[in-house]
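Report on the structure given below.
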Amino acid sequence: MIPVETTFLMIKPDGVQRGLIGKVISRIEEKGLRPVAMKMLWIDEETASEHYAEHKGKNFYEPLIEYITSGPVVTMALKGDSAISIVRKLVGDTDPKEAPPGTIRGDFGIEISRNIVHAADSEKSAKRELDIFFDEEHFQDYSRVEEEWIYE
Ligand code: CMP
């Protein structure tokens, strides 16, 4: 059975400031994944610390919170077969220096602390992160006409 998953992706403040919203969304759409929820917001400190709770205490935690709350972000839910691992591959390694060309971070970034996007790394984190940013009514139930040409 095809494992249809919904994952979480955020275009971070540097991605928004650098005018990369359209390019990031294009790559998702062109791959064949379906955006099912989308929201632009300016994250407050409380939400930032909830989202990045696993990094609390690490040496990059304080600058990370400052960065993620420094400007608006675009959050989205993406649905499709194996969406979680596909989006991680499209995004590339956390450190843009290591991310191969062809990936979002590999093509657009240099520093790990300015890596343009965040993507959930597992089913558990996808659910947790989607719950932080979206309520049930934000999700749209539809299919794209081209899906019959993407899936057999
Ligand atoms: P992200 O995928 O959002 O998850 C945690 C973020 O912390 C990461 O992307 C980077 O933006 C940021 N970060 C900054 N320094 C580091 C580091 N040394 N290791 C991992 N993540 C870092």
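The values are calculated or read from the model by the stated rules, or taken from the named source; none is laboratory data. Bear in mind that the values here come from a model prediction, so they are computed numbers and not experimental data. Reconstructed Cβ throughout: ideal geometry from the backbone, glycine too, with neighbour counts over all protein chains shown. These area figures cover heavy atoms from the full protein model, side chains too; ligands, DNA and RNA do not enter into them. Shrake-Rupley method; radii C 1.70, N 1.55, O 1.52, S 1.80 Å.
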Within segment 132-144, the residues that are without any contact (Cβ under 8 Å) to a residue 40 or more places away in the chain and under 14 Å from Ala53 (Cα atoms) are none
Considering segment 1-22 alone, what residues qualify as being more than 13 Å from the chain's Cα centre (by Cα), open to solvent by less than 50 Å² (accessible area, probe 1.4 Å) and closer than 18 Å to Phe139 by Cα? Glu5
Within the set of pairs 6+ apart or on separate chains, which have a first residue in segment 111-126 that is in contact (Cβ under 8 Å) with a residue 12 or more places away in the chain, a second that is in a strand (DSSP E or B) and open to solvent by 10 Å² or more (accessible area, probe 1.4 Å), and C-beta atoms under 8 Å apart? Glu123/Glu5; Ala126/Glu5; Ala126/Thr6
Hey, Ser26 hits all of (1) open to solvent by less than 50 Å² (accessible area, probe 1.4 Å); (2) part of a strand (DSSP E or B) but one; which does it fall short on? (2)
Name the one entry in Lys89, Lys58 that is modelled with pLDDT of 95 or more, within 9 Å of the ligand (Cβ to nearest atom) and either more than 16 Å from Ile132 (Cα to Cα) or within 16 Å of the chain's Cα centre (by Cα) (or both). Lys58
Determine if segment 130-138 includes at least one residue that is more than 11 Å from the ligand (Cβ to nearest atom), within 16 Å of the chain's Cα centre (by Cα) and either open to solvent by 20 Å² or more (accessible area, probe 1.4 Å) or among the acidic types (Asp, Glu) (or both). yes
Going through Ile104, Ile25 one at a time, which residue ends up being under 15 Å from the mean Cα position of the chain (by Cα), of a type in the set (Val, Ile, Thr), more than 10 Å from the ligand (Cβ to nearest atom) and closer than 23 Å to Asp131 by Cα? Ile25
Considering only segment 108-120, I want to know if a residue exists there that is open to solvent by 40 Å² or more (accessible area, probe 1.4 Å), of a type in the set (S, T, N, Q), within 12 Å of the ligand (Cβ to nearest atom) and over 21 Å from Asp44 (Cβ atoms). no
